[in-house]
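Below is one structure, written out as structure tokens; comments come after it.
The values are calculated or read from the model by the stated rules, or taken from the named source; none is laboratory data. As the structure is a prediction and not an experimental result, all values here were calculated from the model. When we count neighbours, we look across all protein chains shown, and the Cβ atoms used for this are built from the backbone with ideal geometry, even at glycine. Please note that ligands, DNA and RNA were not included when accessible areas were found on the heavy atoms of the full protein model with its side chains. Shrake-Rupley method; radii C 1.70, N 1.55, O 1.52, S 1.80 Å.
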Amino acid sequence: MPRPVALLVVASVLLAGLGSPAGGTHPDEGLYLQAAREMHDRGDWLTPTVDGRPDFTKPPLLYWAMGASFALFGETLWAARLPVALAALALVWVTGRLARRVAGPEAEPVAILVLGTCLGLLRYSRVDLMDVPLALALAVGIAACWRVSEGDSRRARYVAGCWSPHSPGSPAPR
């Protein structure tokens, strides 16, 4: 099965019924929804608030993504959950790319389908929580570290956080 077909299968599963409360909820989802809605409504993208009180318990990237989705699609449950679902789709793509590097091209669609239909990912990609975006950030870091271990590009060193002025391939000091 080619990679685009595997990604299409996973995308159709992840996005089906995304805006429906019947798709599942989580006790913490209301907190994130409220913080993103308040940021969007106030136009204050620096201070997340819940019920008008500052709330810095979580990093704001997901709130910003949800606010951008609200601006594009309106303040709906579907728009709020879309960034997490897209992060899940990116996570399966990154995992597939890593499987391709490690085990060859035939492993990529298998990895995409295995992770993309995993019960945990399906559950947490349908609610507004930080888990899937965090998993995506970790997967990107791991993939970058793998590329660095293979002697890959300077950009991978930046992403992996292991670039220094004395790294191989760095410009000579002046």
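General remarks:
- For region 7-127, averaging the sequence separation of C-alpha pairs within contact (under 8 Å, six or more residues apart) and dividing by the residue count gives a relative contact order of 32 percent.
- In degrees, nearest ten, helix 3-15 long axis to first principal axis of the chain (Cα): 20 degrees
- Taking every alpha-carbon pair in the chain and binning the separations at 5 Å intervals from zero gives 1, 9, 15, 16, 15, 14, 12, 9, 6, 3, 1, 0, 0 percent.
- Taken as Cα centroids, region 32-60 and region 132-153 sit 30 Å apart, rounded to the nearest whole angstrom.
- Asp28, Asp44, ranked by accessible area, largest first (probe 1.4 Å): Asp28, Asp44
- For the chain: accessible area per residue (Å², 1.4 Å): 55 Å²
- Percent accessible area from carbon and sulfur atoms, region 1-101, protein chains only, probe 1.4 Å: 67 percent
- Take the chain and mark each of the GluC sites (Glu not before Pro) that is in a DSSP loop with at most 15 other Cβ atoms within 10 Å; the longest unmarked stretch, sites excluded, is 1-105.
- Of the residues Val132, Val159, Val94, the one that moves most in a GNM of the chain with alpha-carbon contacts below 10 Å is Val159.
- Helical mean residue ellipticity (222 nm; -39500 (n - 2.57) per DSSP H run of 4+; nearest 500) of the chain: -20000 deg cm²/dmol
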